[in-house]
Amino acid sequence: MLTRRAQGGAACIPTTPATTTSVRVDGSVLLKIVRHVSEAHPGPANGQLMGVEDENDSTILRVTHTFALPANMSIGDNDGARSRATNKYVNDMVSLLREVNVEPNTIGWYTGGPMGRFVSPQLVEGLLSAQSTNREAVVIVYDAPASHLAGFGLRAYRLSPQYLAARKEGRLTSENLTKNNLSYKNVLVELPVTVENSHLATMFLHSASAGLPENDYEDLALPGDTYLERSVEGLFDTVEDFYYDQGNYSFYQRQVAREQAKISQWQQKRKAENATRAQNGQEPLSTEEWKSLFKLPEEPSRADALLISSQLDRYCEHIEGFGPTVTSKLFAAQKTLLDNA
């Protein structure tokens, strides 16, 4: 469930666009990420990423080193004491890396995103801060359950130019979103991820014996419904968040409608008064006085609605991708049972 927190302001906005368009992860880094997230699941797992732009291709961002953060620390946390503790821990680790001749160029962080549940205000604010320091910064999301059941779930994201442009202008109002062509589908930009191994590791993989094929009926086994079930539960929870936010926005719209009705009534009354004064040869009264008598409510930030809708889209993608595999096997099993009944 998303944490509701207003977002806005134009502080810490990257001034130049990123030049890298893909991410290349070292094999040792990948193993560390997989191990940390898998061991911490279903709890949170976060870690710092270090790397550089590829010397031969400036469009590739290479992730060369990483280290895990303690369980009680996360990137983008607003808690003052916890944020200071995280910064101190990161600085200490950076100093240790320098002692072993590793250049700790921070390029983002990794996090666990089980069932695609990773879109949050904390992640967006963390990315905003990271990209303001390093325009090439990314967040790598590893979905441990998806890797076990539905393919390797490693993805890299960066805030989109549309989102950065909207945040630069201030509050995320409806007008701001429309002006910058920002929707829930383009809050984040996904970058393709490739994994590279050292030459020795590659030689070992090629020389390793594949072994004799064995009878494997795993593909015929009925899959556990935990992953799909939790994805659907997460979808329902996020829908509740969506309706809650929509209720707040509907309340704002009703307030605006009431105030506009009062303003319209006042303007008609003033128009009638001025018509009477004109007949009596008197000066007309100001028709702009309503601006000091009435105040339209300020539109609430649409940041929460944007992120909630984006998270809904992630859940739908996961269910759409994993659902057909489950349902096809269930229908096949049902058909077999009915035929044998």
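Observations, loosely collected:
- Selection within the stretch 301-341: residues that are free of Cβ contacts under 8 Å to residues at least 12 places away in the same chain and within 29 Å of the chain's Cα centre (by Cα). The member of this set that is nearest to Gln246 (Cα to Cα) is Glu320.
- The C-beta contact set for the stretch 125-141 (first residue over 14 Å from Ser160 (Cβ atoms), second residue at pLDDT below 90 and aromatic (Phe, Trp, Tyr), distance under 7 angstrom, 6+ apart or interchain) comprises Val141/Phe118.
- Evaluation of Glu229 against the conditions (1) loosely packed, with under 15 Cβ neighbours inside 10 Å; (2) more than 30 Å from Arg117 (Cβ to Cβ) shows that the sole unmet condition is (2).
The values are calculated or read from the model by the stated rules, or taken from the named source; none is laboratory data. The structure displayed is predicted, hence computed values, not measured ones. No Cβ is skipped: glycine too gets one built from the backbone with ideal geometry, and neighbour counts run over all protein chains shown.
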